[in-house]
Structures are given as structure tokens and as C-alpha cells.
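Structure first, then comments.
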Amino acid sequence: MQLSCPMPKFDFDVITLGHGSGGLLTHKLLQSGVFDVLKNELLDQQHDGASFELNGKVAFSTDSYVITPAFFPGGNIGELAIYGTVNDLAMCGAIPQYLSLAFIIEEGLPMTEFWEILSSIKEAAQKANIRIVTGDTKVVEKGKGDKIFINTSGIGIIHPKANIHHKNIEAGDKVIISGNIATHGIAIMSVRKGLEFETTIESDTANLNHTVEKLIDRFGHAIKFMRDPTRGGVASVLNEIAELTQLGFELDQKAIPVDEQVEGACEMLGLDPLYVANEGLFLAVVKAEIADEFLSLLRNDENGTNAAIIGEAGTEHPGKVLLKSRIGGRRVVNYLTGEQLPRIC
């Protein structure tokens, strides 16, 4: 990738245990790296925490990122960590404001890789319009980690028009997906398995907060529920909602958008796209009356060009998710059992 800022001259080519000691090497790594790249007035305080004011109802989210490989088609663990927590806040109906950022780095990580990850973090935070205001860095011995793990925690202000909760869902509400499913998981698998495609399948990782804010501005409480279907995929999210609401959900397989190469890879690997992880799309449950307009607005957004209405909530088969197949049959879509794709986020 084209780095957004030049890499400074470090005394070491790789991360050493000394960089996690809290001493001189830690100071140099933070001062010449993290603080300079992520500079803002709150982080510049270099305190044990950040002090700031918030007005309104708040959403808070945290997540840890352990993806392997750390670099994959379409992104890396750095931007994934930022977008992941930003999107979790957006799914709560919040406008993300502040993030914490914590690294657990394995001894021996090349400085060039750390710098590329850090540059991606900066660019992702700028794109999402969120500030990183506090954090932590630890280094573990060789063999005790896998290059780098990242934790991010985020705070956002709930949009005044938002009322996102599964309790709002009613029979007749429509289920909308914002784009092609299963892309992220297959992008990761293509690297691990050495799969060859006519074109590179890239992760769909992206920040969704600006898209979601526009939708809430327009439709407010008519948006009943939102969730990004990461681990466990679309199937697991809908099973959670069905169980919580005791409504039934019926999906139309023909309406579910899947990239042709991704679908082919799923068939080759014996995977169901409904269970494969995603990183840059969301599920929304909305009032039937606004579904078409919602879809039209979403399709005009860069994060929703392949959006589709894929199903509906109903009172039949309460607590279950059913799929109408392309040939007309129906089958129950259960929770993902076991770990289908380990370490994908």
C-alpha cells in the first residue's frame, strides 16, 4: 500500500521485547511512531486516559482482532480494527466519536509491517471521522502471539432519531442486506488455501457509519434493527433475532446477493455463504412501507450498491429462520455450529 506518512528511522528493524518494557525503546516507539501518526489534542496529553465531554445518550463497544494473516487482499488488521468497532457503534444507532487502541505485538514483527498497520489505522480513523484518544502497547515473546493482536474500544453518541432494538421488530417488516455476502471470509480463505481466481477477491472491510447516519437521518424509527453480520455470518444474526423476538424469518435465496467468484469458492470449499463472515456490510430490519425507498437510498451509497431486500419477518415458525431455495423448496437455516472459519477478524 502507499503509506500516508514516511516511516521514521528506528534503531531496530523488528519489534523487540524492549519495545514493551516501558523504558527508552517504548518511549521512542510511541514518540516517533504512534503519537506522531495518530496525533490529536486528546492523545497528545499522553495521560493514562482521555478526558472529554459527551452530550446525549451514549453507545460503547469493544472488540479484539486476531485475524490471520494480518495482511489480506483488500486490507489489514489495522483498518479492520478501526472499522470493526466503528461499525458496531453505528449498528447501535450511534455516531462514533472516540476510540481506544491497544496493541499486543509479538517479538520479531518487522518495523515496516508495524508502520504499514499504523498508517492504515490513521487512514481508517480519518475516513470514519473518529479520534483515537488513548491506548496501550505490550510486546510478548516470540511464539507467544501471532505477529500482532489489536483491541479497540469506542464511544459514540446515539443519533436523536435512532431507536435500534430487536424489540421493535414486527411481523411484516422487511430484511435488507447492504451488499454481497461472504466476501471477507473468502478473501481470507483465498490467502490461506492458495486459491486462484480470475480476479482477486478482496475483503469488503469498510466503515459504515456515514452510510448509517444518512439512513437514520431520513427514516428514523422506521429502521427497527441493524447488525453487521461478522463472525457466524447472516444466518447467525437472523437466528439471534428470531430467538429474541420469537418471530419467524423467511429468506429468498434468489434475492441474496453473492459475488459469482465468492459463490464458486464457497461451493469448492463446501461452505454456505450464509455462514461466512462479512466486514463491510449490515443487515437492517425496516418497516415494509419504507423498504423500497430505503433500498433506493442505500443503493446510491458507495457502501450499498448491491443492497437487496432478502426476506421478511412473520408469525409462522416462531424463533426459526427458513430459506426458500432457488428451485422453490424451503429449509431451516440453523445457527452456525462449531467454528467454520477460524481467525477471520
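The values are calculated or read from the model by the stated rules, or taken from the named source; none is laboratory data. Note that this is a predicted model, so its numbers are computed, not measured. Reconstructed Cβ throughout: ideal geometry from the backbone, glycine too, with neighbour counts over all protein chains shown.
What to note about this one:
- Residue count, the range 225-240 (criterion: buried (at least 22 other Cβ atoms within 10 Å of the Cβ) and either free of Cβ contacts under 8 Å to residues at least 12 places away in the same chain or more than 16 Å from the chain's Cα centre (by Cα) (or both)): 3
- Matching option when the condition is modelled with pLDDT under 95, closer than 17 Å to Ile117 by Cβ and surrounded by fewer than 20 Cβ atoms within 10 Å (Cβ to Cβ), among Leu30, Leu17: Leu30
- Some residue of the range 311-330 being free of Cβ contacts under 8 Å to residues at least 60 places away in the same chain and of a type in the set (S, T, N, Q): no
- Any hit, the range 55-75, residues being closer than 25 Å to Leu208 by Cα, over 24 Å from the mean Cα position of the chain (by Cα), not acidic (Asp, Glu) and not in a helix (DSSP H, G or I): yes
- Some residue of the range 174-195 being closer than 21 Å to Val332 by Cβ and small (Gly, Ala, Ser): yes
- Count of the range 167-190 residues which are surrounded by fewer than 24 Cβ atoms within 10 Å (Cβ to Cβ) and in contact with a Pro (Cβ under 6 Å, 6 or more places away or on another chain): 1
- Unique match (being in a loop (DSSP other than H, G, I, E, B), more than 17 Å from Ile148 (Cβ to Cβ) and among the charged types (D, E, K, R)) among Lys28, Lys39: Lys39
- Hey, Ser119 surrounded by fewer than 23 Cβ atoms within 10 Å (Cβ to Cβ), at pLDDT 95 or above and part of a strand (DSSP E or B) or not: no
- Test: residue in the range 134-148 that is buried (at least 22 other Cβ atoms within 10 Å of the Cβ), of a type in the set (Val, Ile, Thr), in contact with a helix residue (DSSP H, G or I) (Cβ under 9 Å, 6 or more places away or on another chain) and not in a helix (DSSP H, G or I): yes
- Options Ile186, Ile95, Ile155, Ile164; residue that is among the β-branched types (Val, Ile, Thr), farther than 24 Å from Glu41 by Cα and at pLDDT 95 or above: Ile164
- Residue selected from the range 237-288 under the condition within 21 Å of Arg331 (Cα to Cα) and among the charged types (D, E, K, R), by the criterion modelled with the lowest pLDDT: Glu267
- Ile157 being closer than 30 Å to Gln261 by Cα, touching a residue at least 60 places away in the same chain (Cβ under 8 Å) and either outside any loop (DSSP other than H, G, I, E, B) or within 17 Å of the chain's Cα centre (by Cα) (or both): no
- The set of residues in the range 183-218 that are without any contact (Cβ under 8 Å) to a residue 12 or more places away in the chain and under 19 Å from Leu298 (Cα atoms) is empty.
- Looking at Ala128, Ala102, just one residue is closer than 21 Å to Leu281 by Cα and either of a type outside the set (Asp, Glu) or touching a His at 6+ places or on another chain (Cβ under 9 Å) (or both), and that residue is Ala128.
- Spans of strands (runs of 3 or more DSSP E) in the range 201-295 with at least 2 residues over 14 Å from Ile169 (Cα atoms) and not small (Gly, Ala, Ser): 248-252
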